[in-house]
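Below is one structure, written out as C-alpha cells, with a few remarks after it.
What follows draws every value from the coordinates through simple rules; no lab data is involved. What you are looking at is a predicted structure, and each value in this text was computed from that prediction instead of being measured. Quick reminder, even Gly has a Cβ in these numbers, built from the backbone with ideal geometry, and neighbours come from all protein chains shown.
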Amino acid sequence: MSKRHPLVLLMAGFGYAILYIPILIMIIYSFNSSKLVTVWAGWSTKWYGELLANGQLAEAAWISLKVGFWSATIGVVFGTMIGYALARFRRFRGKLFLNGMATAPIVMPEVVMGLSLLLLFISLENLIGWPAGRGLLTVIIAHATVGMAFVAVVIQGRLSESDISIEEAAMDLGARQPYIFFTITLPVIMPAIIAGWLLAFTLSFDDLVIASFVSGPGSSTLPIVIFSKVRLGVTPEINALATIIVAVVAIGVIAANWLALRSEASRNTDDT
Amino acid sequence: MADKAEESGPKPFLRIHNISKHFADVRAVDEVSLDIQQGEFFCLLGGSGSGKSTLLRMIAGLETATSGHIEIEGQDVTNVPPWNRPVNMMFQSYALFPHMNVEKNIAFGLKQDNWPKAEMDARVQELLDLVQLGEYGKRKPNQLSGGQRQRVALARALARKPKVLLLDEPLSALDKKLREETQRQLVAIQKEIGTTFIMVTHDQEEAMSIATRIGVMDEARLIQVEAPREMYERPANKMIAGFIGQVNLFEGKVSRKGKTQTITSMDTGSLLEVVDNTKLEDGQVVWIAVRPERVLLKTNPKGRAANKANGKLTDIMYLGGITHIQVTLDSGSPVRITISEHWDEDEAKLKLGDAVQISFEKRAARLLVE
C-alpha cells in the first residue's frame, strides 16, 4: 500500500492513545508540585528529590536490581542449555514432552508458580535445611525459573533458524565439543542471549505475584514496596518512581529490539 | 559398473565397501561400493533423495554408517570421528563462521592442528591467492558476494591439505554465468593442487563438464560409474540414458530363432539392429536408445528397412548453431533430432507437416534391457 487510508491512521492513533495516554498522564503528574496527586499546581522536580531521599524505596530498588541481575543471569545459563538441547539434539525419547515442559511456566498462572515454589522452598528447608528461610536467594531462584523458560524459547528459536552446518564445518575442520559451542555457537547466538537476558531481567523487575509468595523479611522488591504503599494512597513520589521505571523498561525493550533487528539484518545478508 | 569396485588391482586411494545408511525405516544409502583413485575429480550425480549427500557425509564422518566400511589409503576410517579424518568438506551453504573474518575462517582448521603462527599466516595467504581473494582477508562473510563466499569456503576446506576434498553441491547457489566460470576455476584448482575431489551434484551438465568419472545414484543405490564420455555413449539403463543428456527410446520385442535374434519395434514399425552381442530371451522387451544428434533425417521417405521409420515433421526450433527437430512417427511416437550443420537447400524448404524419414546407424544405437 503506497497511500495510507485515513482510517488506518485513525485506528493506529486510537490504539496507541489507549496504550500511552495513561502513562503520559502519570509522567506529567510526577512533575506536579502539589502534594495531592490529582490537583495540578505547577511544574516541579521535588518528588524526584524526595524519592532519592526515601531510603526504603531506594533499598527496594537496589534489591530489585540485584534480583533482576542474578535471576536473569542464572536464567540465561540454564535457558541456553535447554534451548540448545531442544534445538540441536536429534529426536530423543520425550523431546516433545520436554519441549512442552520447558515452556509451560510461560503460560502458567503466576499464582500457581509462586505457590508451588513457596511449597518447594519450605519442604527443601525441612528436608535439607537449604535455603534457610525466604529471602533474596529464594526470590532469585523463583525468578530464574520463570526467566529460564523465556530464554529457552528465544534461544531455541534462534538456533533452529541458524545453519547447523557451521557446527559441522567446525567439527570437520578438527574442532570438538565443547570448544565448538564456545567459539562458534555461542558467538552466533549472542544477540539472542542478550535479548533473553534483558527479557528475563524485565520480567523479574516487574514481578509482584511470585515475589510476594517467596520473599521474606529484607527482600522486598520494588513492586512489593510500591504495592504496599499504594494501598495507603498514591503519593506523587510513586508517580516519580513509576516514571523512572518506565524509562528503564523502555531502554531495555528498545535495546532488546535493536539487538534482535541487528542479528536479523546480519542473518539476511548471510543468505544472499 | 558398481561391482567393478570389487576387482583387485592397484590398492585404491579411497575404498567404499558395501556401505549402507538407514534412518529409522528409510534406506538412504543401500550397499554402495566404490573405489576412487588418487587425483580424481569424482562426481556423485543424482536427484534429490538419491542418497548422494548422505554418502558424502559418511565419507566426512558426519553420518555414521549402518554397515560397511570406508578406507582411505588402506586405513579403515569407518569409525574415526570427523575431526580426525584426513578429509574436509565444503558445505552447500558454505557454512562460513559469520563472526570471523575471511582469514580467521581459513585459519580455523590450522589452529585446531596447532600450526605455528608464521606458517599459519603464510598458508592463509597462499590459499587467499589460490582462490584470488588476496585483498579480502579482513572482510566478514556478510561483506562478500556469493561467489567470493564460495571461494572462501573452498580455501577453508583446503587449508589442512586434506587427502580428499568433499564438495556438497558447491555451485548450486550461484547464478548460471558465475557457475560456469566457477566450474572452470574449480577444475583448474584441482589440477594445480592434485587433491582428490568428490563432488555431489544434481546437475548432469556440471558433472559431465567437470568430472573425470561420474557415479550416478538413484534410490539409495549406485547405478553406474563411468567416465563422462562412456556414460553418455553407454548408459546402463533407461534412467541414466534419459538423465545424462537427451535420448530417443524405441521399445522393441525380441524374437529368437536358433542362433539369430531380431528385435522388432512397434514404435518404428521396423526391425532394429544394434551392435551388441547380449544374449536375449525370446519375447523379451528391450529398448534401443539413440541420441538426438545421431538420428538422420531424409526429406523423401521411401521404402522400409531396419532402423528406419517414416513420420511427419511436427516441430522445428532453430537456435542458430543447432536446430532441434521433432518428428512424430506414423506410430505416434515422437523422435527428437538435433542437427548441428548448416541445412542444405532441400532441408531448408522443410515445413511443419512434411513427410520425412528418420534413420540411424546401428553403431549409433545402444541396447538397453532395463
Starting from the amide H of B:VAL356, placed 1.01 Å from N in the peptide plane, find each other amide H under 5 Å away whose residue is 5 or more places distant or on another chain.
B:GLY311, B:LYS312, B:LEU313
Theoretical FRET efficiency, 1/(1+(r/R0)^6), r = Cβ-Cβ of B:ASP129 and B:LEU319, R0 41 Å, to 0.05
0.55
Spin-label pair B:ASN114/A:ALA104, simplified geometry with 7 Å Cα→Cβ offset, distance in nm
4.8
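Per-residue Cβ counts within 10 Å, from other chains only, averaged over A:183-189: what number is that? Could you put the intermediate results ahead of the total?
Numbers: counts 5, 6, 0, 1, 4, 3, 0.
For peptide A:183-189, the averaged partner shielding equals 3.
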Vicinal HN-Hα couplings computed from phi for the stretch A:132-148 (Karplus, 6.51 cos²θ - 1.76 cosθ + 1.60; Hz; Gly/Pro x):
6, x, 8, x, 3, 4, 5, 5, 4, 4, 4, 5, 4, 4, 6, x, 3
Lysines within cross-link reach of B:LYS349: Cα-Cα under 20 Å, excluding same-chain residues under 8 positions apart?
B:LYS298, B:LYS302, B:LYS312
In whole angstrom, how far apart do the alpha carbon centroids of the stretch A:202-237 and the stretch B:11-48 sit?
66
If one compares the long axis through the Cα atoms of helix A:236-271 with the longest principal axis of the Cα atoms of chain A, the angle in degrees, nearest 10, works out at 20
Pop the C-beta distance of B:LYS104 and B:ASN18 into the FRET formula with R0 = 35 Å and round what comes out to the nearest 0.05.
0.30
Can you work out the Karplus-derived ³J(HN,Hα) for every residue in the stretch B:13-30? Use 6.51 cos²θ - 1.76 cosθ + 1.60 with θ = phi - 60°, whole Hz, and x for glycine or proline.
5, 10, 10, 10, 10, 6, 8, 9, 9, 10, 9, 6, 9, 8, 8, 7, 9, 10
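Is it possible to state the helix-based mean residue ellipticity at 222 nm for chain B, with each DSSP H run of 4+ residues giving -39500 (n - 2.57), the sum divided by total residues, to the nearest 500 deg cm²/dmol? What is it? Walk me through the numbers on the way to the answer.
Working: 9 runs with 88 residues, N = 370.
Theoretical 222 nm ellipticity from helices: -7000 deg cm²/dmol.
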Measuring from the longest principal axis of the C-alpha atoms of chain A, the long axis of helix A:55-88 (C-alpha) lies at a number of degrees, nearest 10, equal to 20
Expected vector for the stretch B:267-278, Karplus 3J(HN,Hα) from phi with 6.51, -1.76, 1.60 and θ = phi - 60°, integer Hz, x for Gly and Pro, equals 5, 9, x, 9, 6, 10, 10, 9, 8, 6, 9, 4
With r defined as the distance between the Cβ atoms of B:LEU350 and B:MET266 and R0 fixed at 35 Å, what FRET efficiency is calculated, to the nearest 0.05?
0.85
Once amide H atoms are placed 1.01 Å from N in the peptide plane, what residues at a sequence separation of 5 or more from B:MET199, or on another chain, have their amide H within under 5 Å of its amide H?
B:PHE42, B:CYS43, B:LEU44, B:LEU167
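Return the subset of B:LYS52/B:LYS161; B:LYS117/B:LYS191; B:LYS104/B:LYS177; B:LYS177/B:LYS362; B:LYS21/B:LYS238 for which the Cα-Cα distance in this structure is over 32 Å, preserving the input order. Mind dumping the intermediate values first?
Working: B:LYS52/B:LYS161 24 Å; B:LYS117/B:LYS191 28 Å; B:LYS104/B:LYS177 29 Å; B:LYS177/B:LYS362 38 Å; B:LYS21/B:LYS238 26 Å.
Exceeds cut-off: B:LYS177/B:LYS362.
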Determine the shape class of the stretch B:242-327: with a ≥ b ≥ c the square roots of the Cα gyration tensor eigenvalues, call it rounded for a/c under 1.5, and otherwise prolate if a/b is greater than b/c, oblate otherwise.
prolate
Approximate spin-label separation B:ASN277-A:VAL246, in nm, with each point projected 7 Å along Cα-to-Cβ
9.7
Per residue of B:95-106, how many C-beta atoms from partner chains lie within 10 Å of its own C-beta, taken as a mean?
4
Any idea how far apart A:ARG231 and B:VAL369 come out in nm if each label point goes 7 Å out from Cα toward Cβ?
9.3
Looking only at chymotrypsin sites (Phe, Trp or Tyr not before Pro) in DSSP loops with at most 16 other Cβ atoms within 10 Å, what is the longest site-free stretch of chain A?
A:93-272
For chain B, what proportion of DSSP beta bridges, expressed in % and rounded to the nearest 5, is antiparallel?
75
Report, ordered by chain and residue number, the aspartates and glutamates lying within cross-link reach of B:LYS308, taken as a straight Cα distance under 16 Å and ignoring same-chain residues fewer than 8 apart.
B:GLU251, B:ASP267, B:GLU273, B:GLU293, B:ASP330, B:GLU361
Within chain B, which DSSP H helices have Cα atoms that stretch 15 Å or more along the helix axis and a mean Kyte-Doolittle hydropathy of at least -0.5?
B:102-112, B:117-130, B:146-158
In terms of the alpha carbon gyration tensor, root eigenvalues a ≥ b ≥ c, rounded if a/c is under 1.5 and otherwise prolate when a/b exceeds b/c or oblate, the stretch A:65-117 is oblate
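Would you work out if the protein assembly as shown is rounded, prolate or oblate? Take a ≥ b ≥ c from the square roots of the eigenvalues of the alpha-carbon gyration tensor; rounded if a/c is under 1.5, else prolate when a/b is larger than b/c, oblate otherwise. Spell out each step's value before the answer.
Numbers: a/c = 2.88, a/b = 2.29, b/c = 1.26.
Prolate is the answer for the protein assembly as shown, as a/c is 1.5 or above and a/b outweighs b/c.
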Cut-off 15 Å between beta-carbons: net charge of the residues surrounding A:PRO178, Lys and Arg +1, Asp and Glu -1
+1
Quick check: Cα centre of the stretch B:245-324 to Cα centre of the stretch B:194-210, how many Å?
32
So how tilted is helix A:110-128 from the main axis of chain A? Cα-based, degrees 0 to 90, rounded to 10.
70
